[in-house]
Amino acid sequence: MSSYKDQVDGAVEEINSRADILKDHQLTPEHVLLPYEDLTELILKKQELDGTNVTSIIVLDGHREAVDLEATSTPGVPRLYVSPGVPATFPGGVSLYPGDAMLATFLADVVQGYGWKSMVVVYDDIHGLNSLRPFVDAAAFGGHRVVYMKVRTDRGVTTDRAQVREVLGRVRETEEPAIILHCDTHVTRDVLDEARNFVLLREETHWIITNLDAGTIDLSAYELTKVRLTSFSLVPLAQRKASVLQALAADAVTTVALGLDQSILQGNDSQALDWSQNGTLLNNIKQVSFEGRTGWVSFNQAGSRRNASIDVIENDGGNITKAGTWSDVNRTLGLVKSGKDGPFVFGNKPLRVITFLNPPWVGRRVDSESFHGIDKYEGFLVDLMKGLSKRLNFTIDVEKVYEDTLPDAEIKRQFNKGVHLGMVVKSMREMRRKYYDLSPELKEFGYTIFTPRPVKELTGLLAFMTPLSPPMWALFASAMVVVSLFLTLVNQFNPYEWRWLAKRGQVEPSQGGNYNAWNSLWNVFSSTVGQGAENQPMSFGGRIIIGTWWFFVLVVMASYTANLAAFLTVNPVNPIRSMEDLPRQNKLEYGFIRSYAIRRLFETADSFPLRDMWEKISANPDWLVDSNEEGLKRAAKGKYAFITFSGVRFRQIKELCEVEMVGQPFYKYHVGFPIPIGSPHKDRIAYEIETMRQVGVVEELSNRWLEVDRGRCKESDRKTDDGVLKMENLLGLFVILGAISALGMAVCVIEVIVFKLKKMDDENIEEKQDDKNIEDISEDGIVEERDGAVEDREDGGLEEREMEEGGFEEELEENVFEEDSCSEDGIQEEAVVIEEVELNDIQSVQDSA
């Protein structure tokens, strides 16, 4: 803050001493330190200044978030911003710091001036990638390869050093020598410090620092690394006594003074200050134009700076020079490279290459339409060429891409037409030397045998489930649930099941839930594991369903057990383990491609096993094939062993999922890529390949593209019959289960109907019997009525009569048998009581009649 204060005070003193500006008026600076940790408080503090007699506010350290929030408030006293982060259109003030659009356009012109075709951009969350939008669009349109990586900060105050190291580790993996650092000043300093520890500051790398205040960073600390640093500045190199931001603060004071002077000349009252808040002063400030400490200062109507000039400064091993000047007026750069012509060999020269699609060496990307040039392709050779281009500073111009093989004669013909390299692998055999030279060896290959894949063994945590396929397990579980649901429905509605028997009192109430939803599922599961159901269904429909399930489980479990035993006891091993096993067996035919060079090896062999194999192949010429695809398809179908070069396993051939490579490679050879005979690039390319091999780059590419299956073959893709039971094997059993279960449900419906009909018949019989009893009483007299009533009570089981008889018998026991002996008087008394009861019954019947 003190450095800014000195610059502002010096600029105010200079303005007050001038006689041509603000006659009879003096500027008085007032320095206010506002906390920017709390953005809300920062906005409120700035708005409080709008109500004071302050003419204008110079914001020395404006953060993007605070400026964006303030832009939504009502414009008051004009603000002048001297740091990055101001939106392109801001109604409340102007920005002396060049806008994002201008700087991004300038950066694109600088990258084009250096001839970069690929680079890494490291940016922070203070500026963000949106501030580079014109550069991003220009790079994409020009087909440049750009990798963007973000550095995190804590609200722009401190840098996350651990995350910086992670980012720089990824930068080093790209092996990109061209790096753009688009960060705040303190973040730039932290990144450079960490980059030195990652050996990213070295003679082979070139860094561009976009921050205009990079002059405050002591770049001399990196002189010993011999790194090439390019920075930008608004202040001429000879006048860089202070930072760019301090020079901008001084220019802001001059801008305010000129705007005030113009407002006073227009007749505005400097005491009222209304014109300061109603936009008059701001409009006059936007009309200011002058030559300041940061070059020409002028603004457009949006408040952004225009017509600025930016110097390109190079620090090459401690030698600080001006490499060029960029003007916003006509976008001229005039870039002059300093000192030596860069650390790279080819000086960004394009090398023309030819190739043909041969994955995993060279393949077309899935989203190739979104890319240009070499980036449309992927593979071992593509990554290798990109690594060489970064190390030797050349660009790759893909001259022609062949869809099929690329013969030696065609490669030589293209070399004669000016092609520099062949991006294709060729075996390093002496016969090719008459067509072209070859690079150092990239990989060792040989010939090997591909046989049908044997049945896989039972391994893994869930290996016990292997005898049945996953769809079979899912279907089996679904069948359990469906059968349980059927049994639950039968128990719910069938009157002969446990629930209704319990309601009628024919079984214990606790037994009514024997086949509710949970118990039905439990009974089905217990039957599955051979424990049997705890309770059997009582209805015919329920017994049909449960009996069908028992049969179903019997067949499925028997099949599962047999398969599991086979998986556990049988350990299939490929009978062919080496070349010697082929002539000793008669089950597999074998052969190779007719045109392969290996044929001469077999023809001239005079020892076992090649001699014996060739005798059988000669007698059976149909064992030979015309292509790798044909040979692999034949091996995948079984009973054929295909002999071909081991590198075929890297190709995207579906049949590779059905075969297995056995034995050790024989007739070994190395591969490289073609280079024209007498090429001046051969020695340098050979040296770089050897260097890449020593540092592990070639091995890393081999692991990435050649030594992994990359998920090509999935278990579901393999057609080999491994004995697993699938849905089609037991589909008929599921059909039987469903059909007979449906029959059981139909029987259940019939049982419900029969029960209701029987109940209706019983009710009709009882009703007819009651009518008959009443008729007998009316015709035969009181005695017959009494007998009919008594009989009616006996047949109907009426509760009242039973209670009366019960009470009568109980009374009889208490009164009559109270004494040990029975007297005749007691008997007579009993008869009288009976007679009274009978007479009462007769009287009640007569009354009802």
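Structure summary
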{"quantity": "Any hit, the range 334-351, residues being open to solvent by less than 30 Å² (accessible area, probe 1.4 Å) and modelled with pLDDT of 80 or more", "calculated": "yes"}
{"quantity": "Candidate set from the range 117-127 (those that are open to solvent by 20 Å² or more (accessible area, probe 1.4 Å) and farther than 19 Å from P177 by Cα); member that is nearest to the chain's Cα centre (by Cα)", "calculated": "D125"}
{"quantity": "Close pairs (6 angstrom Cβ cut-off, 6 or more residues apart or separate chains): at pLDDT below 80 and open to solvent by less than 70 Å² (accessible area, probe 1.4 Å) in the range 656-669, part of a helix (DSSP H, G or I) and not hydrophobic (A, V, I, L, M, F, W, C) anywhere", "calculated": "C657/D717"}
{"quantity": "Single residue of L234, L192, L219 found to be in contact with a Gly (Cβ under 7 Å, 6 or more places away or on another chain) and among the aliphatic types (A, V, I, L, M)", "calculated": "L234"}
{"quantity": "Residue within the range 513-523 that is modelled with pLDDT of 80 or more and surrounded by 15 or more Cβ atoms within 10 Å (Cβ to Cβ) present", "calculated": "no"}
{"quantity": "Failed item, numbered, when R499 is tested on (1) of a type outside the set (A, V, I, L, M, F, W, C); (2) under 39 Å from the mean Cα position of the chain (by Cα); (3) open to solvent by 20 Å² or more (accessible area, probe 1.4 Å)", "calculated": "(2)"}
{"quantity": "Tally of residues being closer than 14 Å to Y447 by Cβ and either in contact with a Leu (Cβ under 7 Å, 6 or more places away or on another chain) or crowded, with 21+ Cβ neighbours inside 10 Å (or both) across the range 629-646", "calculated": "6"}
{"quantity": "Filter result for the condition that a residue is within 47 Å of the chain's Cα centre (by Cα) and open to solvent by less than 10 Å² (accessible area, probe 1.4 Å), over L245, L234", "calculated": "L234"}
{"quantity": "Unique residue being of a type outside the set (A, V, I, L, M), under 23 Å from N16 (Cβ atoms), at pLDDT below 85 and not in a helix (DSSP H, G or I) when the list is N315, N268", "calculated": "N268"}
{"quantity": "Leading residue by the ranking (most open to solvent (accessible area, probe 1.4 Å)) among those in the range 390-413 that are assigned to a helix (DSSP H, G or I) and modelled with pLDDT under 85", "calculated": "R391"}
{"quantity": "Single condition G418 does not satisfy, out of (1) open to solvent by less than 40 Å² (accessible area, probe 1.4 Å); (2) part of a loop (DSSP other than H, G, I, E, B); (3) out of contact with any strand residue (DSSP E or B) (no Cβ under 8 Å at 6 or more places or on another chain); (4) not aromatic (F, W, Y)", "calculated": "(3)"}
{"quantity": "Check on V698, modelled with pLDDT of 85 or more and either part of a loop (DSSP other than H, G, I, E, B) or surrounded by 15 or more Cβ atoms within 10 Å (Cβ to Cβ) (or both)", "calculated": "yes"}
{"quantity": "Leading residue by the ranking (surrounded by the fewest Cβ atoms within 10 Å (Cβ to Cβ)) among those in the range 175-206 that are acidic (D, E), over 21 Å from V110 (Cα atoms) and touching a residue at least 24 places away in the same chain (Cβ under 8 Å)", "calculated": "E175"}
{"quantity": "Positions within the range 1-55 being part of a helix (DSSP H, G or I), at pLDDT below 75 and of a type in the set (D, E, K, R), in sequence order", "calculated": "E41, K45, K46, E48, D50"}
{"quantity": "Pairs where the first residue, in the range 287-308, is of a type in the set (D, E) and the second is surrounded by 21 or more Cβ atoms within 10 Å (Cβ to Cβ), C-beta under 9 Å, 6+ apart", "calculated": "E291/V297"}
{"quantity": "Those residues of the range 588-612 which are closer than 16 Å to L632 by Cα and open to solvent by less than 70 Å² (accessible area, probe 1.4 Å), in sequence order", "calculated": "L588, E589, Y590, G591, F592, I593, Y596"}
{"quantity": "Counted residues, the range 356-385 - those being part of a helix (DSSP H, G or I), open to solvent by less than 30 Å² (accessible area, probe 1.4 Å) and out of contact with any Phe, Trp or Tyr (no Cβ under 6 Å at 6 or more places or on another chain)", "calculated": "6"}
{"quantity": "Conditions (1) open to solvent by 20 Å² or more (accessible area, probe 1.4 Å); (2) assigned to a helix (DSSP H, G or I); (3) closer than 30 Å to K756 by Cα: number failed by N491", "calculated": "(1)"}
{"quantity": "Hits in the range 661-695 - residues which are in a helix (DSSP H, G or I), out of contact with any helix residue (DSSP H, G or I) (no Cβ under 6 Å at 6 or more places or on another chain) and not basic (K, R)", "calculated": "D683, I685, A686, Y687, I689, E690, T691, Q694"}
{"quantity": "Residue count for the range 194-249, restricted to those that are assigned to a loop (DSSP other than H, G, I, E, B), at pLDDT below 85 and of a type in the set (S, T, N, Q)", "calculated": "1"}
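The values are calculated or read from the model by the stated rules, or taken from the named source; none is laboratory data. For clarity, every value in this text was computed on a predicted model and none was experimentally measured. As a convention, Cβ positions derive from the backbone with ideal geometry for all residues, glycine included, and neighbour counts pool all protein chains shown. Surface accessibility is based on the protein's heavy atoms, side chains included, excluding ligands, DNA and RNA. Shrake-Rupley method; radii C 1.70, N 1.55, O 1.52, S 1.80 Å.
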